[in-house]
Amino acid sequence: MDDVYTRIRARGQYSSLAESSKATARCARHTREPYNALWSSLCHQGNAYDAYYAASPHLVEICAHNTSTVHWSVPQLVVCIEISRLQGCAPRIPARLEVSYRRSLNRLPEIMADIHSVQPSEHTSIIAAAAFSAIAGLGELADAQLELTSELAPKFRNWVLEL
């Protein structure tokens, strides 16, 4: 694990799609710091990198097989990368990865429903809604949904009613 973390920090991002997908599966099960480094390597300040398209199916599999224990930030990462792609902040999906990437992305709403059924929370509700929007190609809506919280919702509703 330390070796993976060292390579992430040294390069700032994975240069190899295969390297990223292998590390993704390991990092998502381990401590917070390597996972945070992996997140930054795949999606940093709204920009996504090629390696994400290889990592996404692995992240979705982690979510699918660990619905009762997976942290909400794992599916959130999948949604954030798709939002980045939709908003033009990510490279094109490499042709060799497009089928597996899209297939895994399309599984996310059902997986989010499973996660939410055993881990109901504001986070899982928000991420599920954003996942539906992102898969529908509504990147701006998905991005806004990730920002909306129970605390902010009444202010938002009042603002809309004032229009």
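Please specify each residue of segment 99-132 satisfying the condition of being within 18 Å of Glu151 (Cα to Cα) and of a type in the set (S, T, N, Q).
Selection gives Ser121, Thr124, Ser125.
Can you name every residue in segment 78-104 that is open to solvent by less than 30 Å² (accessible area, probe 1.4 Å), hydrophobic (A, V, I, L, M, F, W, C), in contact with a helix residue (DSSP H, G or I) (Cβ under 6 Å, 6 or more places away or on another chain) and part of a helix (DSSP H, G or I)? Walk me through how you get there before you give the answer.
Step one: list which residues in segment 78-104 are open to solvent by less than 30 Å² (accessible area, probe 1.4 Å), which gives 78-84, 90, 93-94, 97, 101, 104.
Of the ones still in play, those that are also hydrophobic (A, V, I, L, M, F, W, C) are 78-81, 83, 90, 93, 97.
Next, only the ones that are in contact with a helix residue (DSSP H, G or I) (Cβ under 6 Å, 6 or more places away or on another chain) stay: 78-79, 81, 83, 90, 93, 97.
The answer is Val78, Val79, Ile81, Ile83, Leu97.
For residues that are modelled with pLDDT under 95 and β-branched (Val, Ile, Thr), tally how many sit in segment 130-163.
2
What about Ile127, is it in contact (Cβ under 8 Å) with a residue 24 or more places away in the chain and either surrounded by 20 or more Cβ atoms within 10 Å (Cβ to Cβ) or under 22 Å from Leu152 (Cβ atoms) (or both)? Walk me through it before giving the result.
Working: in contact (Cβ under 8 Å) with a residue 24 or more places away in the chain: yes; either surrounded by 20 or more Cβ atoms within 10 Å (Cβ to Cβ) or under 22 Å from Leu152 (Cβ atoms) (or both): yes.
Against the criterion (in contact (Cβ under 8 Å) with a residue 24 or more places away in the chain and either surrounded by 20 or more Cβ atoms within 10 Å (Cβ to Cβ) or under 22 Å from Leu152 (Cβ atoms) (or both)), Ile127 qualifies.
Kindly indicate whether Val74 is closer than 17 Å to Gly137 by Cα and buried (at least 17 other Cβ atoms within 10 Å of the Cβ). It would help to see each step written out before you state the result.
Numbers: closer than 17 Å to Gly137 by Cα: no; buried (at least 17 other Cβ atoms within 10 Å of the Cβ): yes.
Against the criterion (closer than 17 Å to Gly137 by Cα and buried (at least 17 other Cβ atoms within 10 Å of the Cβ)), Val74 does not qualify.
Please go through segment 132-155 and give me each residue that is assigned to a helix (DSSP H, G or I) and polar (S, T, N, Q), ordered by number. It would help to see each step written out before you state the result.
So the first thing to find is which residues in segment 132-155 are assigned to a helix (DSSP H, G or I), and the list is 132-135, 139-147, 153-155.
Across segment 132-155, the qualifying residues are Ser133, Gln145.
Quick test for you: out of Ser84, Ser150, Ser121, Ser117, pick the one residue that is touching a strand residue (DSSP E or B) at 6+ places or on another chain (Cβ under 7 Å) and of a type in the set (Gly, Ala, Ser).
Numbers: Ser150 fails: touching a strand residue (DSSP E or B) at 6+ places or on another chain (Cβ under 7 Å); Ser121 fails: touching a strand residue (DSSP E or B) at 6+ places or on another chain (Cβ under 7 Å); Ser117 fails: touching a strand residue (DSSP E or B) at 6+ places or on another chain (Cβ under 7 Å).
Result of the check over Ser84, Ser150, Ser121, Ser117: Ser84.
The values are calculated or read from the model by the stated rules, or taken from the named source; none is laboratory data. Since the structure is predicted, the reported quantities are computational estimates derived from the model, not experimental observations. Cβ coordinates were reconstructed from backbone atoms using ideal geometry, including for glycine residues, and neighbour counts include every protein chain displayed. The area values use the complete protein model at the heavy-atom level, side chains included, leaving out ligands, DNA and RNA. Shrake-Rupley method; radii C 1.70, N 1.55, O 1.52, S 1.80 Å.
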